[in-house]
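Colleague: Here's a structure for you.
The values are calculated or read from the model by the stated rules, or taken from the named source; none is laboratory data. This structure is a prediction, so every number in the text was calculated from the model and none was measured. A quick note on method: Cβ atoms are made from the backbone with ideal geometry, for glycine too, and the neighbour counts reach across all protein chains shown.
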Amino acid sequence: MADTIAPASPAPAGHSPVIVPGRWRKLAVVVAPLWADNNESSVLSTLAPIITQALAAPVAAVGYLTSIGKFISIVFGPLWAWVARRTNRKIAFVLASGLAGVATAATGLAQNYAQLIVLFGLSAVFIAAALPIASEITADLFDEKSRGRANGYTWGVISLLGSVLGPLIGQLSRVPDGWRYGFFAWGAITLLTAVLLAVFFTDPAVGASEPATAPATARQRAGDDRITWAKVRQMLRIPTFVLMLIQRLISGHLLIASFGVVFLVHTYGFSTAVASIVTLPFGIGYLFGTFGGGLATDLLQARLPRIGRIIVLQFAQFGFGVVAVVGTQHDWGGIEVFAGFWAVLGFMQGLNPGVNRPIVAAVVPPEMRGAAFALLLSVFEALAYALFNLAAGLLAGVLGLRGVMLWIPGILMLVNAAFCTILYRTYPRDVDRQRALLAERARPMAAG
């Protein structure tokens, strides 16, 4: 990941920042299938109350299904990253997105709970490719100074589009078998994004935005591009990266997306169509968090290059925990008040993509980006998502959904914020090591 040029220091002598031609256009094309794949689960989470009723599934089914999907991504996310690196990133991404579209549409044909599990799990196999491949490509398109904005804009757009569609998806609860049409429509959208990617995207190549790797010869790049177990072990010896893996593992805010609507329906008595309204303000808040947060993070990083990103990361976790406790533990009456809390939760969650990915990119060498993003997002984040959803399903009968929301998105996030304090010590040192490594690499490249 980002071997980037350490935020604490300038680029190696003799190398100016590399601007990849057409990077924003290429990013827009990459975002399309990533958005479709990322929001496929929104059909399940939004329409969970009517899906469980139609297929005689347990109330906790959304947690079980989400957990299954995430456990599958833990295996297939790194596998897709490996396949993409060994073959062709564009072809792998297009193939996975196309098959994800077909599998998502097929999920709408499920006739019982068992079939729903099988078909939803099959779609998860292909959906797992999007996150690690798109994250790696984003890091190759943008240099150190603009990665925060690029990631922030990416996830802001993804969340906003998904949240605008959320209330529309919720209206399908008023239509007989409307949940089936939701899966059919989302499958078609995903398939379309695969076609757009195939036609309009050109891969920038690994390390394209790195000043230290831009002059590399084809042989040098080929040597760096090989992913070996030795390199993975080297990556796991980077303290900041290991801490970021743990930080994702205790990120309880992930539960809001999957259980938010179900929580409002079963705890405070809203209908599915009304409860789904909160997805829109959540998405708008997320948009402001990613756009504004990405820009603010880059500005703060410029002023406080050794700790700026850590300040933002810690603030995001602490703010989310406080708002989750206040917003979910009291019956505020109308959906409008809950929508306000969901907007703030969206903002706090939206701060994360623009800061955690650049943190990883600043301490991990470029040739290890795919593996690092796969570990961070497809393994550890997915594992956290799966475990929290599984726990929520199991604990709902004991603590109630209100208790689940108190402990996982609330108190656990406050613990997460305290944990981030350790990064103030490790991050500056790892960035300095990374800069030294890139500067050393740049010298023989420039000479030969």
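Colleague: Find all pairs meeting these conditions: Cβ atoms under 6 angstrom apart; at least six residues apart or on different chains; first residue within segment 358-371 and of a type in the set (Gly, Ala, Ser); second residue outside any helix (DSSP H, G or I) and surrounded by fewer than 24 Cβ atoms within 10 Å (Cβ to Cβ).
Modeller: Ala371/Ile227
Colleague: In this structure, is Ala150 buried (at least 19 other Cβ atoms within 10 Å of the Cβ), at pLDDT 85 or above and either at negative phi or in contact with a His (Cβ under 6 Å, 6 or more places away or on another chain) (or both)?
Modeller: Criteria not met by Ala150.
Colleague: The conditions are (1) part of a loop (DSSP other than H, G, I, E, B); (2) at pLDDT 85 or above; (3) buried (at least 24 other Cβ atoms within 10 Å of the Cβ), and Ser209 fails exactly one of them. Which is it?
Modeller: (2)
Colleague: Within segment 91-147, how many residues are farther than 26 Å from Ala61 by Cα, at pLDDT below 90 and among the small types (Gly, Ala, Ser)?
Modeller: Within segment 91-147, residues that are farther than 26 Å from Ala61 by Cα, at pLDDT below 90 and among the small types (Gly, Ala, Ser) number 4.
Colleague: Tell me the residue from Thr66, Thr52 that is part of a helix (DSSP H, G or I) and either acidic (Asp, Glu) or modelled with pLDDT of 80 or more (or both), please.
Modeller: Result: Thr52 is the single residue among Thr66, Thr52 that is part of a helix (DSSP H, G or I) and either acidic (Asp, Glu) or modelled with pLDDT of 80 or more (or both).
Colleague: Would you mind stating whether Gly156 is modelled with pLDDT under 85 and among the small types (Gly, Ala, Ser)? If you could, list the steps in order and put the result at the bottom.
Modeller: Numbers: modelled with pLDDT under 85: yes; among the small types (Gly, Ala, Ser): yes.
When the stated conditions are applied, Gly156 passes them.
Colleague: Mind checking which residues of segment 265-280 are surrounded by fewer than 24 Cβ atoms within 10 Å (Cβ to Cβ) and either aliphatic (A, V, I, L, M) or under 24 Å from Gly156 (Cβ atoms) (or both)?
Modeller: Those that are surrounded by fewer than 24 Cβ atoms within 10 Å (Cβ to Cβ) and either aliphatic (A, V, I, L, M) or under 24 Å from Gly156 (Cβ atoms) (or both): Val265, Ala273, Val274, Ile277, Leu280.
Colleague: Among the residues of segment 315-343, what is the count of those that are surrounded by 16 or more Cβ atoms within 10 Å (Cβ to Cβ) and of a type in the set (S, T, N, Q)?
Modeller: Residues meeting the conditions: 2.
Colleague: What about Leu383, is it surrounded by fewer than 24 Cβ atoms within 10 Å (Cβ to Cβ) and assigned to a helix (DSSP H, G or I)?
Modeller: Yes.
Colleague: Scan segment 230-268 for residues that are at pLDDT 85 or above, under 18 Å from Glu381 (Cα atoms) and among the hydroxyl-bearing types (Ser, Thr, Tyr) and jot them down.
Modeller: Thr240, Ser251
Colleague: Confirm whether Asn389 is polar (S, T, N, Q) and either outside any helix (DSSP H, G or I) or under 27 Å from Leu438 (Cα atoms) (or both).
Modeller: The answer is no for Asn389.
Colleague: Taking segment 60-103 as the search range and keeping residues that are crowded, with 19+ Cβ neighbours inside 10 Å and among the hydroxyl-bearing types (Ser, Thr, Tyr), which one is farthest from Gly260 (Cα to Cα)?
Modeller: Applying the filter and picking the extreme gives Ser97.
Colleague: Also: Please state which of the following conditions Trp35 fails to meet, knowing it meets all the rest: (1) under 26 Å from Arg149 (Cβ atoms); (2) part of a loop (DSSP other than H, G, I, E, B); (3) at pLDDT 80 or above.
Modeller: Going through (1) under 26 Å from Arg149 (Cβ atoms); (2) part of a loop (DSSP other than H, G, I, E, B); (3) at pLDDT 80 or above one by one, Trp35 breaks only (2).
Colleague: Return a yes/no flag: does segment 68-80 have any residue that is closer than 16 Å to Gly187 by Cβ and touching a helix residue (DSSP H, G or I) at 6+ places or on another chain (Cβ under 9 Å).
Modeller: yes
Colleague: Look at Ala273 and say whether it is over 27 Å from Ala392 (Cα atoms) and at pLDDT below 90.
Modeller: When the stated conditions are applied, Ala273 does not pass them.
Colleague: How many residues are in a helix (DSSP H, G or I), aliphatic (A, V, I, L, M) and crowded, with 24+ Cβ neighbours inside 10 Å when one looks only at segment 344-359?
Modeller: Going through segment 344-359 one residue at a time, the tally reaches 4.
Colleague: Here is a check on your reading of the model: is Phe288 at pLDDT 85 or above, closer than 16 Å to Ala343 by Cα and not acidic (Asp, Glu)?
Modeller: yes
One line per residue, one yes/no per condition, for (1) over 26 Å from Ala382 (Cα atoms); (2) among the charged types (D, E, K, R); (3) in contact with a helix residue (DSSP H, G or I) (Cβ under 6 Å, 6 or more places away or on another chain); (4) in a loop (DSSP other than H, G, I, E, B):
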position	(1), (2), (3), (4)
Phe270	yes, no, yes, yes
Gly293	no, no, yes, no
Ile310	no, no, yes, no
Ala316	no, no, yes, no
His330	yes, no, no, yes
